[in-house]
Amino acid sequence: MTQRYELHDDSNGFWSVIDRFTGWPARWEGISQTGLDYFDADDLTDLLNLLDERRRAKGKPESGELK
C-alpha cells in the first residue's frame, strides 16, 4: 500500500509533512504541518501514515482532514 504522507525538507532548517495524494501540506486539527523540526516531522509522518493505513484497511472514506 502506498504511503500517503512524506517528509519534505523545506531547505530552511525546517520540515513539512506533505500529502502525496494532493501535493499539499498535511493538516492536523486544522493546522498545516509545516515549519517543524526534523524529529517532530518524522514522527508525525509515521503517525499519519499509520492512521491512514488503518482507515483504508477498514474501507472508511476520507474525512477531509485528520483530527
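Cβ contacts < 9 Å: first residue in contact (Cβ under 8 Å) with a residue 12 or more places away in the chain and in a helix (DSSP H, G or I), restricted to the stretch 48-61; second residue aromatic (Phe, Trp, Tyr) and surrounded by 14 or more Cβ atoms within 10 Å (Cβ to Cβ), any location; separation 6+ or different chain. Result?
Leu48/Tyr5; Leu48/Trp28; Asn49/Tyr5; Asp52/Tyr5
So which residues in the stretch 38-58 are among the charged types (D, E, K, R) and either under 11 Å from the mean Cα position of the chain (by Cα) or surrounded by 15 or more Cβ atoms within 10 Å (Cβ to Cβ) (or both)? Give the derivation first.
The initial filter retains those residues of the stretch 38-58 that are among the charged types (D, E, K, R), namely 40, 42-43, 46, 52-56, 58.
Hits for the stretch 38-58 are Asp42, Asp43, Asp46, Asp52, Arg55.
Condition check: within 11 Å of the chain's Cα centre (by Cα) and among the polar types (S, T, N, Q). Does Thr2 satisfy that? Step through it out loud before you land on a result.
Values: within 11 Å of the chain's Cα centre (by Cα): no; among the polar types (S, T, N, Q): yes.
Here the answer is no, as Thr2 does not meet what is asked.
Kindly evaluate Leu66 against the criterion of being surrounded by 14 or more Cβ atoms within 10 Å (Cβ to Cβ) and at pLDDT below 95.
On the way: surrounded by 14 or more Cβ atoms within 10 Å (Cβ to Cβ): yes; at pLDDT below 95: yes.
Here the answer is yes, as Leu66 does meet what is asked.
Restrict the check to the stretch 30-47 and report whether at least one residue is closer than 18 Å to Met1 by Cα and either among the acidic types (Asp, Glu) or at pLDDT below 95 (or both). Walk me through it before giving the result.
Step one: filter the stretch 30-47 for residues closer than 18 Å to Met1 by Cα, giving 45-47.
Next, only the ones that are either among the acidic types (Asp, Glu) or at pLDDT below 95 (or both) stay: 46.
The answer is yes, given that some residue of the stretch 30-47 is closer than 18 Å to Met1 by Cα and either among the acidic types (Asp, Glu) or at pLDDT below 95 (or both).
Among the residues that make up the stretch 20-37, is at least one of them surrounded by fewer than 13 Cβ atoms within 10 Å (Cβ to Cβ) and acidic (Asp, Glu)?
Yes, because at least one residue in the stretch 20-37 is surrounded by fewer than 13 Cβ atoms within 10 Å (Cβ to Cβ) and acidic (Asp, Glu).
The values are calculated or read from the model by the stated rules, or taken from the named source; none is laboratory data. Note that this is a predicted model, so its numbers are computed, not measured. Quick reminder, even Gly has a Cβ in these numbers, built from the backbone with ideal geometry, and neighbours come from all protein chains shown.
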